[in-house]
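> This is the structure I want to talk about, given as structure tokens.
The values are calculated or read from the model by the stated rules, or taken from the named source; none is laboratory data. As the structure is a prediction and not an experimental result, all values here were calculated from the model. Cβ placement follows ideal geometry from the backbone for every residue including glycine, while neighbour counts extend to all protein chains displayed. Accessible surface is based on the protein model in full, side chains and every heavy atom, while ligands, DNA and RNA are left aside. Shrake-Rupley method; radii C 1.70, N 1.55, O 1.52, S 1.80 Å.
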Amino acid sequence: EAGATAADGGDRPVAYLRSVALVIALVAVAAVPPAAGAIGVRHLDLGGDYDFDGTGAALLVAGLLALLAGLVAFRRLDDRHGVPLVADLRAALQGRVYTPPEREPEQEPPARRERGVFIAFEGGEGAGKTTQARLAAIWLRDHGYDVVTTHEPGATKTGMRLRAMLLDKETTGLSSRAETLLYAADRADHVANVIVPAMERGAIVVSDRYVDSSLAYQGYGREQRVEDIAEVNAWATGGLVPDLTVLLEVPPQTGLGRLPAPADRIESEPREFHERVHAGFRALAEADPDRYLVLDASRPQGELSREIQYRIREILPDPIPAGTEDATSTFPVITDY
Ligand code: TYD
């Protein structure tokens, strides 16, 4: 047929089949007459009298070899792997394409709850998120939860070095992209070495700042494409998104006024920068209201804590996390059958 070359990937099986047929034909032509001669006429006594000559015996052997070659070729060329041959042929004779009956989906193993809960606190400068994160953690621990409090940037050893670079006012001329990547690097290390291990243990992770800080500061603040920042960070974190983000809102002027001097590299950015960050946080929360609790940070601290507790309560798991149950399996287990 036109264009059927052995080098062409799609025609390789055809070429294979051809060469097998050719070899069999050659073997048959060359080997059958001498084999037939060597066997000669034989007499078999199988109950009745039975005579057979060398040609018949040689053809029988050739037939068996051809069958073997056919089976090998079928196994190599079967393009409907896993479909039973007889059923497929029967369907083909009736002009249908055989489709195997749907198998019952394999029973999923019972979902193991390995995930803890991840809560992030976000906000501009001096919003009091550090205090509120700490209060939430204390409250959760009082209720018997395994809580890991952490922060960005600088929660790991490498992160502390990155934090020093990022916040040192001596770091001058750092490009916005480099800044974005350094925050993302800190975050990647934070996720891999602190957050994920804690979550796998079933702990509740409370982080002071997370991805939204980069979206607000490096995206809105530095006026870079927020989608780009989101993409870099999704990659850095393996797509880990908090179950809840508490956003503490304070007008930039008020927040910056609350800070003790001297300010770090980011805090010393001009007022417009902080205005953009503030607007950015608000836009992020409005775009995904289910994940955010937005609070006016100028309200009394006790009131804020109570609201945060209400909201956290909604997302809390069973007080006995799966990890704890696993641990009990090291003790003799009493099972009712
Ligand atoms: P932080 O340690 O939370 O300081 P503060 O409690 O005074 O707000 O954050 C340090 C600075 O880093 C802060 O000015 C915000 C900035 N930052 C970013 O610009 N991008 C980020 O992704 C993060 C996590 C922080």
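> Which of the residues that make up the stretch 212-227 are without any contact (Cβ under 8 Å) to a residue 24 or more places away in the chain and under 23 Å from the mean Cα position of the chain (by Cα)? Before you say what the answer is, go through the steps one by one.
Within the stretch 212-227, the subset without any contact (Cβ under 8 Å) to a residue 24 or more places away in the chain is 225, 227.
The one that is without any contact (Cβ under 8 Å) to a residue 24 or more places away in the chain and under 23 Å from the mean Cα position of the chain (by Cα): 227.
> Tally up the residues in the stretch 164-173 that are surrounded by fewer than 20 Cβ atoms within 10 Å (Cβ to Cβ) and in contact (Cβ under 8 Å) with a residue 24 or more places away in the chain, please. Break it down into steps so the answer makes sense when it comes.
Restricting attention to the stretch 164-173, the residues satisfying the condition of being surrounded by fewer than 20 Cβ atoms within 10 Å (Cβ to Cβ) are 164-165, 167-173.
In the following step, the residues that additionally are in contact (Cβ under 8 Å) with a residue 24 or more places away in the chain were identified as 167-169, 171.
The total comes to 4.
> In addition: Exactly one of (1) within 14 Å of the ligand (Cβ to nearest atom); (2) of a type outside the set (D, E, K, R); (3) free of Cβ contacts under 8 Å to residues at least 40 places away in the same chain is unmet by residue 239. Its number?
Among (1) within 14 Å of the ligand (Cβ to nearest atom); (2) of a type outside the set (D, E, K, R); (3) free of Cβ contacts under 8 Å to residues at least 40 places away in the same chain, the lone unmet condition for residue 239 is (1).
> Specify which of the listed residues (161, 209, 187, 141) is open to solvent by 20 Å² or more (accessible area, probe 1.4 Å) and in contact (Cβ under 8 Å) with a residue 24 or more places away in the chain.
Values: 161 fails: in contact (Cβ under 8 Å) with a residue 24 or more places away in the chain; 187 fails: open to solvent by 20 Å² or more (accessible area, probe 1.4 Å); 141 fails: in contact (Cβ under 8 Å) with a residue 24 or more places away in the chain.
Residue meeting the stated conditions: 209.
> Residue 299 - would you say it is charged (D, E, K, R) and in a helix (DSSP H, G or I)?
Numbers: charged (D, E, K, R): yes; in a helix (DSSP H, G or I): no.
Answer is no for this residue.
> Go over the candidates 64, 71, 46 one by one and state the one that is farther than 22 Å from residue 21 by Cβ and in the same structural domain as residue 17 (by TED's automatic domain parsing).
46
> Another one. Could you check how many residues of the stretch 171-189 are closer than 23 Å to residue 220 by Cα and in contact with a Gly (Cβ under 7 Å, 6 or more places away or on another chain)? Explain how you work it out, then say what you get.
Of the stretch 171-189, the ones closer than 23 Å to residue 220 by Cα are 171-188.
Imposing the further condition that a residue be in contact with a Gly (Cβ under 7 Å, 6 or more places away or on another chain) reduces the set to 186.
Counting residues in the stretch 171-189 that are closer than 23 Å to residue 220 by Cα and in contact with a Gly (Cβ under 7 Å, 6 or more places away or on another chain) gives 1.
> Now for a different question. Give me a count of the residues in the stretch 235-252 that are over 18 Å from residue 176 (Cβ atoms) and open to solvent by less than 50 Å² (accessible area, probe 1.4 Å).
12
> Among the listed residues 54, 37, 47, 63, identify the single one that is open to solvent by 80 Å² or more (accessible area, probe 1.4 Å), more than 45 Å from the chain's Cα centre (by Cα) and small (Gly, Ala, Ser).
On the way: 54 fails: open to solvent by 80 Å² or more (accessible area, probe 1.4 Å); 37 fails: open to solvent by 80 Å² or more (accessible area, probe 1.4 Å); 63 fails: open to solvent by 80 Å² or more (accessible area, probe 1.4 Å).
Within the list 54, 37, 47, 63, the selection yields 47.
> In this structure, does residue 230 turn out to be open to solvent by 10 Å² or more (accessible area, probe 1.4 Å) and either within 13 Å of the ligand (Cβ to nearest atom) or among the β-branched types (Val, Ile, Thr) (or both)? Give the steps one after another, and end with the answer.
Numbers: open to solvent by 10 Å² or more (accessible area, probe 1.4 Å): yes; either within 13 Å of the ligand (Cβ to nearest atom) or among the β-branched types (Val, Ile, Thr) (or both): yes.
Spelling it out, residue 230 is indeed open to solvent by 10 Å² or more (accessible area, probe 1.4 Å) and either within 13 Å of the ligand (Cβ to nearest atom) or among the β-branched types (Val, Ile, Thr) (or both).
> Related question: Cβ-Cβ under 8 Å, sequence separation 6+ or interchain: first residue in the stretch 296-316 and under 13 Å from residue 117 (Cβ atoms), partner of a type in the set (Lys, Arg). Which pairs?
From the stretch 296-316, no pairs qualify.
This table checks each residue for (1) of a type outside the set (A, V, I, L, M); (2) surrounded by fewer than 18 Cβ atoms within 10 Å (Cβ to Cβ); (3) more than 30 Å from residue 173 (Cβ to Cβ); (4) modelled with pLDDT under 95.
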| residue | (1), (2), (3), (4) |
| --- | --- |
| 260 | yes, yes, no, yes |
| 278 | yes, no, no, no |
| 292 | yes, no, yes, no |
| 320 | no, yes, yes, yes |
| 329 | yes, yes, yes, yes |
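> Do any residues in the stretch 25-46 that are over 15 Å from residue 62 (Cα atoms) have Cβ atoms under 7 Å from those of residues that are outside any helix (DSSP H, G or I), where the two are at least six apart or on different chains, and which pairs are they?
41/51; 41/53; 42/52; 43/51; 44/50; 44/52
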